[in-house]
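Below is one structure, written out as structure tokens; comments come after it.
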Amino acid sequence: MSRTDHDKLYIGGRWVAPLGGQTLTVRSAATEEIIGSVPAASEADVDAAVVAARAAFTDPIGWRAWEPERRAAVLERFADEIDKRTESIITAISRQNGMPITVARKLEAGFSALLLRYYAKLIREQPAEDVRPGMLVKETSVRRHPVGVVAAIVPWNVPQTLTFTKVAPAMAAGCAIVVKPSPETVLDAYLMAEAARAAGVPDGVLSIVPGGRELGAYLVSHPGVDKVAFTGSTEGGRAVAEACARLLRPVSLELGGKSAAIFLDDADLDAAGIGESLFAATLVNNGQVCFLGTRVLAPRSRYAEVIGLLEAVMKAAPVGDPLDEQTLIGPMASARQRDRVLAYIDAGRAEGARVIVGGGRASGPGWFVQPTLFADVDNSSRIAQEEIFGPVLSVIPYDSDDDAVRIANDSAYGLGGTVWSSDSDRAVSVASRVQTGTIGINGYAPEPTAPFGGVKASGIGREFGPEGLASYQNFQSIYFPAGRG
Ligand code: NAD
């Protein structure tokens, strides 16, 4: 199997020799073989990245001072350079974290380029000031300024898109950004750096510091950072939020989930494409997506039918090599993640849930787990309350719409979810009572123009849409008590 080894870091827009001596080794999720390595950034490398970002940000004629049109053109060139590298990016991701290649084609490089182009368009359209006639002053001019140097901490599950949910709006706003990717998925980050350089992203505006959570913690608390954007586990998010609270540093948190897929009693279980939509909403990327509806709520009157549908969907999903175009379920991203998922499967059995499909480790090398369906799950059990982050679904029976809403909301999390019904008004009325940041009707797909994020333990703040751009902007009100004159 081919390997990609890097000996430089992308700091301040240049390829430089690392200041520390450590290396991060990357393994294939499907074969466990070493597929590459990169230098681990040291604290001194983070210092250099933050200094470069600060210099780029404070340059009076630099990035932030450019006309939006000029920044937008760079974002679009960046998108073009990502497009040129699509196949390399999705192959790298698939090999690293086991994301099936067909899923990577939908969720990764193309989505990143879309975000860059979307935010380029948004800053072109955004007026320089919002003039508001006042109640106590004659007029106020509300202006937006970039927040400054951004530290972006991203997980391994959808590494490129989750990086660009931060990089695209932050750069569009005029910020400089230091990205810390997860050690499991650093190879695709290098392709992003190559694209940035080829696109002419100015020096200092983007740096990448590969490393683990200690390095992440160092970056989060760095005195040269103005804002932190974190996507990851709720546990990690809490630690980041605590550090930011002490520093009074703005932070956005996209965290874990345990969303509900609610089948109403009028759901059309034979609808065209329902298998595909259900798979995308509950199992895509081997169950390693934060918004998936892993608690399936089924009305008692149609309980067996819903289980039958899920069973058919799971059994029809080919498990195997993520690079194979036929594969729908690949391995877990790491041995640690596989062991965690298997431990939850054991816990589900021990708590009395009934295994309908799967229930163990899949054979062969690689960190594979069988797609697993549990029935008769109690919503208070661990498999219903804790985020598993694997291809494991729990079916929970309910008695009425009110009961379904109560169970859906009986969770520490509040990120995504779905409602399945043949009556869209009824579905919307149920959906609006579910306490989550997003929810889909008869399917689920995050939309770049609409705010995405969580409530409760699923996070604080919103990405995507104009709201995502605003999270990298400070608002300044300039009062004209007597008018502009
Ligand atoms: P994780 O929290 O272990 O790590 C995420 C990133 O944060 C990594 O880069 C890690 O090195 C870093 N990190 C961890 N602790 C840190 C700390 N104290 N200070 C600074 N950096 C720290 O999460 P993971 O296992 O890599 O990712 C899976 C988790 O991410 C799941 O819980 C999933 O639900 C969540 N996630 C959320 C969203 C969302 O948009 N809400 C999207 C994808 C994944």
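The values are calculated or read from the model by the stated rules, or taken from the named source; none is laboratory data. Computed from a predicted model, the values in this text were never measured in an experiment. Every residue, glycine as well, gets a Cβ built from its backbone with ideal geometry; the counts of neighbours run over all protein chains shown. When the accessible area is computed, the model is the full protein with side chains, heavy atoms only, and any ligands, DNA or RNA have been set aside. Shrake-Rupley method; radii C 1.70, N 1.55, O 1.52, S 1.80 Å.
Would you mind working out the magnitude of the charge dipole of the chain relative to its Cα centre, with +1 at each Lys and Arg C-beta and -1 at each Asp and Glu C-beta, to the nearest 20 Debye? Please list the in-between numbers first.
Details: 47 positive and 56 negative charges, 263 e Å.
I would put it at about 1260 debye.
Relative to the longest principal axis of the Cα atoms of the chain, helix 335-350 runs at roughly 40 degrees.
As an exercise, take the mean of 1/r over every pair of distinct alpha carbons in the chain, invert it, and state the Kirkwood radius in angstroms.
Details: mean 1/r = 0.0430 Å⁻¹.
Kirkwood hydrodynamic radius for the chain: 23.2 Å.
Take the chain with all the other protein chains still there, run a 1.4 Å probe, and you get 39 Å² of accessible area per residue. Once the Cβ-Cβ distance between Asp7 and Ser432 is put in as r, and R0 is 41 Å, what FRET efficiency do you end up with, to the nearest 0.05? So the FRET efficiency works out to roughly 0.15.
Using a Förster distance of 41 angstrom, determine the FRET efficiency expected from the C-beta separation of Asp399 and Thr449, and round it to 0.05. If you can, show how the numbers build up before the last one.
On the way: r = 37 Å, r/R0 = 0.91.
The formula returns an efficiency of 0.65 here.
Size check on the stretch 88-221: the Cα extents along the three principal axes, sorted descending, read 60, 33, 27 Å.
Taking each residue as 0.36 nm, the span from Glu129 to Glu311 lengthens on full extension beyond its C-alpha to C-alpha distance by 60.0 nm.
Compute the distance from the alpha-carbon center of the stretch 446-474 to that of the stretch 90-135, in whole Å. Their Cα centres are 12 Å away from one another. Distance between the modelled labels on Gln22 and Asp59, one decimal in nanometres: 3.1 nm (7 Å Cα→Cβ projection). A 1.4 Å probe over all protein chains sorts Leu19, Leu283, Leu323 by accessible area into Leu19, Leu323, Leu283, starting with the largest.
In this rough spin-label picture, where each label sits 7 Å from Cα along the Cβ direction, the Ile441-Ser422 distance is 1.6 nm. Straight-line reach only, C-alpha to C-alpha below 19 angstrom: list the lysines that Lys8 could link to, leaving out same-chain residues fewer than 8 apart. Output for Lys8: Lys180. Ignoring lysines fewer than eight residues from Lys106 along the same chain, the ones with Cα atoms less than 20 angstrom from its Cα are Lys84, Lys166. Toward the positive end of the charge dipole of the chain, with +1 on the Cβ of Lys and Arg and -1 on the Cβ of Asp and Glu, the farthest Cα among Leu310, Leu24, Gly364 is that of Leu24.
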